[in-house]
Amino acid sequence: MKALRLILILIALAVLIAVPWFGSDVLIQFGINALLLAVLAQGWNIIGGYTGYASFGNSAFYGLGSYGVGIAMVQWELPFGVGLAFGVVLSVVFAILLGLPVLRLRGHYFAIATLALAQVMAAIVSNVKLAGQNIGLVLPPLNNDMLFYELALALLVAVTLTIWWLSRSKFGFGLIAIRENEEGAAVMGVNTTLYKVMAFALSGVFSALAGGIHAYWVTFIDPESAFDISLNVKMIIMAVFGGPGTVLGPIVGAFSLSAISEVLSSEVTSIAGLFFGIVVVAAVVLMPRGLADIVRQFRKTGWRYFSENIKATRL
Amino acid sequence: MSAILDVQNVTRRFAGLIAVNNVSFSLQPKEILGIIGPNGAGKTTLISLISGTVAPSAGDILFEGKSINSLQTYQRARIGIGRTFQIMRPFPGLSVLDNVAVGALFGHGGGESQLSRAREMARAQLDFVGLGAFVDQRADELGGPGRKRLELAKALAMQPKVLLCDEVMAGLNHVEIDEVIDVIRKVRDEGISILVIEHVIKAIKSLSDRLMVLHHGEKIADGDPDTVLSNQAVVEAYLGKRRA
């Protein structure tokens, strides 16, 4: 059973790696977007899914990653890799400085406080000359979608391996204990403050890398698009749709929702948003614990799974 | 004889209410100290003060001769203070085994770093408290008595030097109480000092080496269980004043 699962995952990975060789340009571009969204959903999974802190601040990390690459490449004429590293440093510093006060809040208060982070960052960046103020930065173009695709895929593999390690390590158990019961975790010896900040930073590192790759790919960043709060909403929906706190759930969520949204926007163009909303609402009602939970429970309960969830939401 | 835990003139106020008022006592190595008192006497607050989830308004707490007032909750766990909660707080989404493994992974001395080793230790601890058959269940599927034992196993997996038990017998029937008493005695035989808060007077009388009574946050008696339970102030605290 375990071997079978591993083989399936490896086959899926091989297919994903091969996409640029047989896919059309449109498919590759869709792939880059879907892969980066999956990385963001996985990044959110670390702080939101495993640690239980529903962060709305991850788009701030994404923006910092974008601007790390933008500033390094445009203003300092440094290579892309250095820009990525710069973005990572920025987001780690940000996670520590803002995580310490913000992670003291719990539940809704944490969500509200982090909601402001991206907005504040957009306002700050709009006034920084080095970051091109509100006009933004134009990066040197690199017309190589294949490279961006494989980079995004490599990043997704890296974040997923990190989460797989989390799910079976002392650090990950500490995070799960914090999610399940923070006071109980502290009483058992978990350094909750340190663990939360580390989870926030780790989540930020991957979000920043995704932002950096995206910035170089689209060759243009401005405060509006880099610190976009709706991107944060997307990653949460995708992670929760797939199954927060699982190793593969958020990837499945990101891919399936990206595909659904792509099909909708080409089929019913103008009202795609409406249909997408319906899909999300249906998902929340029918499978509140994500796709991963269906896979686990369906064999036991069958179709009753859905009717029971409907009953539980008291519709 | 040096006490392992020394509570010195500790006071805790919650706004206008004085939950614990100038309480001093000490716990000797390998001793079982029972604390009783009516509802609202400050028993749970006292345990929270020692484990660090509540900070004292005044006074000092010494562990092995050193003040632990400045230590955070997790640091107190690492020097060897384990506690259970009266309102059971399992990690609901985790299996019974992994709930206890968290104690082994962290806990006294910083815990075990290998998950597989921690699970082995957890399994042994669950067998010890009589939950060996439930290792794979989710913690929130356990019933009340099971959860009480789980609380105990989680604290024991931390390999503490001092175990603080907050009403681990409440809600259990006679047979279950006898089993828990048996477990606590065995824990003491392993060299752990134990502080037990309890409502069930009969149980605590037979278990404790020494008994202390709290009333309205103040210590009103401390000593041999039989003497303490026949003390006039204690009887009044529990049954009210005899009307002349």
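Examine segment A:73-94 for a residue that is more than 26 Å from A:A38 (Cβ to Cβ) and of a type in the set (D, E), and state whether such a residue exists. Yes, the conditions are met somewhere in segment A:73-94. Taken over segment A:144-196, the criterion of being charged (D, E, K, R) and within 30 Å of A:H214 (Cβ to Cβ) is satisfied by A:D145, A:E150, A:R179, A:K196. Of the helices (runs of 4 or more DSSP H) that lie entirely inside segment A:200-289, those containing 1 or more residues that are of a type in the set (F, W, Y) span A:229-242, A:249-267, A:272-286. Taking residues in segment A:293-307 that are acidic (D, E), and partners anywhere that are part of a helix (DSSP H, G or I) and surrounded by 12 or more Cβ atoms within 10 Å (Cβ to Cβ), the pairs with Cβ atoms closer than 9 Å and at least 6 places apart or on different chains are A:D293/A:G249; A:D293/A:Y305. Taken together, B:K148, B:K186 contain a single residue that is of a type in the set (K, R), more than 14 Å from every other protein chain (Cβ to nearest Cβ), assigned to a helix (DSSP H, G or I) and surrounded by 22 or more Cβ atoms within 10 Å (Cβ to Cβ), which is B:K148.
Just a yes or no: is a residue in segment B:206-220 closer than 16 Å to B:I36 by Cβ, touching a Pro at 6+ places or on another chain (Cβ under 7 Å) and part of a loop (DSSP other than H, G, I, E, B)? Yes, because at least one residue in segment B:206-220 is closer than 16 Å to B:I36 by Cβ, touching a Pro at 6+ places or on another chain (Cβ under 7 Å) and part of a loop (DSSP other than H, G, I, E, B). Among the residues of segment B:63-80, which ones are among the aliphatic types (A, V, I, L, M), more than 9 Å from chain A (Cβ to nearest Cβ) and within 17 Å of the chain's Cα centre (by Cα)? Answer for segment B:63-80, where residues must be among the aliphatic types (A, V, I, L, M), more than 9 Å from chain A (Cβ to nearest Cβ) and within 17 Å of the chain's Cα centre (by Cα): just B:I79.
If you go through segment A:131-181 and keep only what is away from every other protein chain (no Cβ under 13 Å) and without any contact (Cβ under 8 Å) to a residue 60 or more places away in the chain, you end up with A:Q133, A:N143, A:N144, A:L147, A:A154, A:A158, A:L161. Scanning segment B:151-183 for residues that are closer than 22 Å to B:S26 by Cα and among the acidic types (D, E) yields B:D166, B:E167. The residues on offer are A:G243, A:G253, A:G184, and the sole one that is within 14 Å of chain B (Cβ to nearest Cβ), modelled with pLDDT under 95 and crowded, with 24+ Cβ neighbours inside 10 Å is A:G243.
Looking only at residues of segment B:164-176 that are surrounded by fewer than 23 Cβ atoms within 10 Å (Cβ to Cβ) and among the aliphatic types (A, V, I, L, M), we find that the one that is modelled with the highest pLDDT is B:V175. Here A:S126 clears all of (1) exposed (fewer than 15 other Cβ atoms within 10 Å of the Cβ); (2) touching a residue at least 60 places away in the same chain (Cβ under 8 Å) except the condition numbered (1). A:G189 falls short on exactly one of the conditions (1) within 11 Å of another protein chain (Cβ to nearest Cβ); (2) touching a Ser or Thr at 6+ places or on another chain (Cβ under 6 Å); (3) not in a helix (DSSP H, G or I), and that condition is (2). The set of residues in segment B:96-112 that are assigned to a loop (DSSP other than H, G, I, E, B) and either over 9 Å from A:G189 (Cα atoms) or more than 7 Å from chain A (Cβ to nearest Cβ) (or both) contains only B:E112. Among residues of segment B:113-128 being surrounded by fewer than 24 Cβ atoms within 10 Å (Cβ to Cβ) and among the aliphatic types (A, V, I, L, M), the one that is farthest from the other protein chains (Cβ to nearest Cβ) is B:A124. Can we say B:D140 is part of a helix (DSSP H, G or I), within 11 Å of chain A (Cβ to nearest Cβ) and modelled with pLDDT under 90? Judged against the criteria, B:D140 is a match. A:S203 passes every criterion in (1) away from chain B (no Cβ under 14 Å); (2) on the phi > 0 side of the Ramachandran plot apart from (2). Residue count for segment A:156-173, restricted to those that are over 10 Å from A:V247 (Cβ atoms), among the aliphatic types (A, V, I, L, M) and surrounded by 21 or more Cβ atoms within 10 Å (Cβ to Cβ): 2. Of all residues in segment B:75-95, how many are part of a loop (DSSP other than H, G, I, E, B), aliphatic (A, V, I, L, M) and more than 22 Å from A:T51 (Cβ to Cβ)? Of the residues in that region, 2 qualify. Identify all residues within segment A:235-279 that are among the hydroxyl-bearing types (S, T, Y), touching a residue at least 60 places away in the same chain (Cβ under 8 Å) and more than 23 Å from A:L175 (Cα to Cα); write none if there are none. Passing the criteria: only A:S258. For B:V54, the conditions (1) assigned to a loop (DSSP other than H, G, I, E, B); (2) in contact (Cβ under 8 Å) with a residue 24 or more places away in the chain; (3) exposed (fewer than 15 other Cβ atoms within 10 Å of the Cβ) are fulfilled apart from (3). Answer yes or no as to whether A:A18 is in a helix (DSSP H, G or I), exposed (fewer than 10 other Cβ atoms within 10 Å of the Cβ) and without any contact (Cβ under 8 Å) to a residue 60 or more places away in the chain. No; evaluated as a whole, the condition is false for this residue.
The values are calculated or read from the model by the stated rules, or taken from the named source; none is laboratory data. Every value quoted in this text rests on a predicted model; they were computed, and no experiment measured them. Counting neighbours? That spans all protein chains shown, and the Cβs are built from the backbone with ideal geometry, glycine included.
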